[in-house]
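The values are calculated or read from the model by the stated rules, or taken from the named source; none is laboratory data. Keep in mind it's a predicted model, so treat the numbers as computed, not measured. We place every Cβ from the backbone using ideal geometry, glycine too, and count neighbours over all the protein chains shown. These accessible areas exclude ligands, DNA and RNA; they are computed on the full protein's heavy atoms, side chains included. Shrake-Rupley method; radii C 1.70, N 1.55, O 1.52, S 1.80 Å.
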Amino acid sequence: MAKKEPRVPVREQLPEERIKNFDEVCYGYNASEAMQEAERCIQCKNPRCVQACPVYIQIPQFIKAVKENQFSEAFDIIAQDSSLPAVCGRVCPQETQCEGACILGIKGEPVNIGKLERFVADWGREANYFKPIKVEPNGYKVAIVGSGPAGLACATDLAKLGYKVKIFEALHRPGGVLEYGIPEFRLPKDEVVRYEVNNVMKLGVEIETDVIVGRTITIDDLLGAEGYHAVFIGSGAGLPKFMNIPGENLNGVVSANEFLTRTNLMKAYDPQFDTPIYVGKKVAVVGGGNVAMDAARSARRLGANVHLVYRRSEKELPARVEEVHHAKEEGIVFKLLNNPTEVLADEKGWVRGLRCIKMELGEPDESGRRRPIEVPGSEFEIECDVVIMSLGTSPNPLIAGTTPGLQTERWGGIIANEETGETSREGIFAGGDAVTGAATVILAMGAGRNAAKHIDEYVRGKYGS
Amino acid sequence: MFTIIRKRLLAPSIYSMDIKAPRVAKSAQPGQFVIVRVREKGERIPLTIADYNRKEGTVTIVTQTIGASTRLICALEEGEALLDFAGPLGRPSELIHETDEQLASKKILFVGGGVGTAPVYPQAKYLSERGFKPDVIIGAKTRDLVILEDEMRAVSNEYFLTTDDGSAGFKGLVTDRLKDLVVNQGKKYDLVVTIGPMIMMKFVAKLTQELGIPTIASLNTLMVDGTGMCGACRVSVGGKTRFTCVDGPEFDAHQVDFDEAMRRQNMYRTIEGQKLAELEKDDHECKIGRDK
C-alpha cells in the first residue's frame, strides 16, 4: 500500500559546505521526486490538512494534479488561495499545520505537503508560468500599510475583486519580514521573494516604498485627502525586545532584528555592499525562536562560533524542529536551561562575555510551558565578543500613536476582530503580527485574506456595489 | 527616485542639496530627519532635515564628506537622484507644541557646531516665523567651515559665531562662548537646544547643568531602518534605554549618557574605515567624487 512508503527524502546542501555560503540549504524536490511523494497522499474525503491550513489551500486537489504531472493545474489550484506559495512552501510550520493534521502522520510520516507546495511554486517560476486574470475594476480604492505577508495576501484578494490597491512600505524593498528578517539561505530574496511580490503586482497592485505611515502620511490622510475607501494595517511586529540586564548597551550587543536586517535587507554578507556588520569570533545568541535560529545560523556563515542560550529545555524551544535540526548540523552549540544575567565588558566597553545562571523547570506557567527557575549559586560565564538578543518583537506604536481612536492592547497590539479584521475605527482594518504580536507568515496571510473579505463587504455595504 | 533640484557648496567638503520629495516636504517638522540611500549596494544613512519647502515639494539636506556613503551623496550632481529618501522620521521638536504664550515666556538659545548648524536652522526659522527669534551660537573649527551664516543671522535674535582658531568671531569653543554670555555678560536663558558632534553636546550639557539651564540635545546615533526596528540607535537616558529614531532624536541632555553614546557611535568605525579606503581606491580609478 502506498501509505506505507516512507517520505521521499529532500536533498539539502551538506552542513560543512553550507556554513560557508548563504545559498539555500534545501534544494527541494525535482519533478520525479515530487510525483513520487504525491503518490503517498491518500486523497481523504474530509481532508484534515485543509482545515489546518490558515489560508485553506485545496491540498489534496493540488497534490493529485502533481501526481498526474499536471503542474500548471496544481499551480492554479494553489493560486486560488495563496499568492506566496514559494514563500510558504519554505517557511510555513507545516508540522503543526497541514502536515501535523495529515492522517498518514498517525502511524508514519505525513505527506511532505510543504515541499510539494514549494515544488509547484518553483516549477511555476522556472516555467515562467503566469495565468493572467481579467478583473473588472469596481472603482474603489484600498490602502494597505506594510508589504509583508499580511498586506500582500490582503492586496491579492482585493485586487482580484476589482479594487485599486496601493501598498505603502516603510523600507526600500517590499516584503516586510520576508525581506529583512528571514535569511537568504532559507528564503532566497531575488529568486523567491521578489518574484512572488512581482506576481502580486501583476494583479495591478501598486507598491510605494519609503513611506512610513504615521510619519510620512497618516491613516487619516489616506482615508481623507488621498481618497481611499478603506485601510488595512499589516505593519507587523518590528520592535525588538531587550532583557534590561546590565551591559546590554555595550558595543557588540545587537538585536536579532539589527543583525538580520544588516545581513538580509542590507546584504552585509556580500562584500560588494557597503553595509558594515560586526560578527566577532564568538557569538552568543539569546533566545530559542525561529529568529534566534536565523541569527545563529547567519552568524555561523559569517565565520563565528555560535552559542545559543535559552532559558528552558529543548522541548520548549519555540523554533521549528527543522530549524533546530539544521542549526545543530551547522555546529551551533545549544546552551539550554541557562539565562543571561549580565553582559560583561572589556576595558574599552566592548563585549567580552555573557554571565549566565543555570535554570531548572518548575510548574507550567500561563503559557502552558514549564516555568524556568534559577538555580541559586550556579552562575558562570560564556566567553564571547558579540551578543545577539532574540527575545521577540512587538508592534511598532507609530501608527496607533498617530491614529486617534484606534485602540490597542497594553503591549501595543492593535485591537481587531479576529474574524473580520475590524478595528475600533470605521474603515480601518488590521491583521497579522500588528494585531497578534510576532507569529508566522501564514497566520498573517490568513488574517490578510479574512480582512480582504470583510473590507469588500464593508465597502460595498457603505458605498453600494 | 528623488531628484536633486539644487546643489550648493557651503564650505570645503560640505554640500547643501534640495531634494524633490513632496510627501516628506509636506509632513516635515523642525527636529526631524530622513534616511537616505544612494545606490543599490549602499547603506541607509540618517541625515537631519536642514530645511523644507512644502510648496516646491523639496527637502534640504546638508552633508559633509566624512564616510564612504556621505562621499557618494556629495558626488551626485543636480538632476541626478537619490535612490531612497524616507521620512520625516523621529519626533519633531517639542517647541512646535508650545503656545505663543509659552514661547514668549522663555528665552531660547541654540548651540550648533559643525554640520550640526544645519539642523539648528529649521528650528530657529520656525521660531522666527512665529515671532520668537532665538539666540544662536554657532561653532566651527575655522572661518572656512562656517556654514549658513546669512541664513542663520536672518532668523536669529542675536547670532554669536565662534571658531576654534579665532579666524572668525569669538576665539574658542561654543562652551567658552556660552559661559561668557551667561557668566560675564549676564544673559539669561530658559532653554538651550544643542545640535552637533556628540563630544560638543556632552560638554554643552555639562556646562548648562552647572549653570542650571534645561537643555535639549539632538542625537546623531547609528541607525539602520530609522523606524524603531533595529535598536542600533539605543541610548541611555536617565538610566533607561531609549531608541533615538522613535523616542528621539531630541532628549533631555542632562540625562543622556554621552560617553556610552560616543562609544556606540564607533561600533563600526574599523569596518567603515576599510570601506572608505576601498572607495578611495575606486575613486582613483574611475574619478568619481572629484571636486568641482
Sort B:Met267, B:Met262 by accessible area with a 1.4 Å probe, largest first. B:Met262, B:Met267
Accessible surface of A:Asp221 - all protein chains present, 1.4 Å probe, nearest 10 Å²: 60
Using DSSP to call loops (not H, G, I, E or B), can you name the chymotrypsin sites (Phe, Trp or Tyr not before Pro) in the stretch A:388-465 whose Cβ has at most 11 other Cβ atoms within 10 angstrom? A:Trp411
Taking B:Thr58, A:Thr209 and ranking on accessible area (1.4 Å, protein atoms only), highest first, one gets A:Thr209, B:Thr58
Residues of type lysines that A:Lys45 reaches as a straight line, Cα spacing below 26 Å, ignoring anything fewer than 8 places off in the same chain: A:Lys3, A:Lys4, A:Lys64, A:Lys67, A:Lys107, A:Lys115
Sum -39500 (n - 2.57) across every DSSP H segment of at least 4 residues in chain A, then divide by the residue count to get the 222 nm mean residue ellipticity, nearest 500. -8500 deg cm²/dmol
Here the whole-number average of other chain Cβ atoms within 10 Å per Cβ of B:228-240 is 6
Checking the cross-link filter: which aspartates and glutamates have an alpha carbon closer than 15 Å to that of B:Lys188, excluding same-chain neighbours under 8 positions apart? B:Asp135, B:Glu158, B:Asp180, B:Glu210
What fraction of the Cα pairs in the stretch A:147-220, stated in percent, has a spacing above 20 angstrom? 30
Which entries in the list A:Lys348/B:Lys240; B:Lys20/B:Lys41; A:Lys141/A:Lys462 go over 18 Å, if you measure between the two C-alpha atoms of each? A:Lys348/B:Lys240; B:Lys20/B:Lys41
Please compute the Cα-Cα pair-distance distribution of the protein assembly as shown with 20 Å bins starting at 0, giving whole percents from short to long. 16, 46, 31, 7, 0
Taking DSSP loops as anything outside H, G, I, E and B, show the longest stretch in chain B free of GluC sites (Glu not before Pro) there with at most 16 other beta carbons within 10 Å. B:159-292
Express as a percent, rounded to the nearest 5, the fraction of DSSP beta bridges in the protein assembly as shown (both residues included) that run antiparallel. 50
log₁₀ I(q)/I(0) of the stretch B:58-211 at q = 0.14 Å⁻¹, via Debye over equal Cα point scatterers, no solvent, to two decimals? -0.75
Neighbour-limited loop hits for GluC sites (Glu not before Pro), the stretch A:331-423 (at most 12 other Cβ within 10 Å; DSSP other than H, G, I, E, B): A:Glu347, A:Glu366, A:Glu418, A:Glu419
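Which trypsin sites (Lys or Arg not before Pro) does the stretch A:69-126 hold that lie in a coil by DSSP with at most 13 other beta carbons within 10 Å?
Answer by residue number: A:Lys107.
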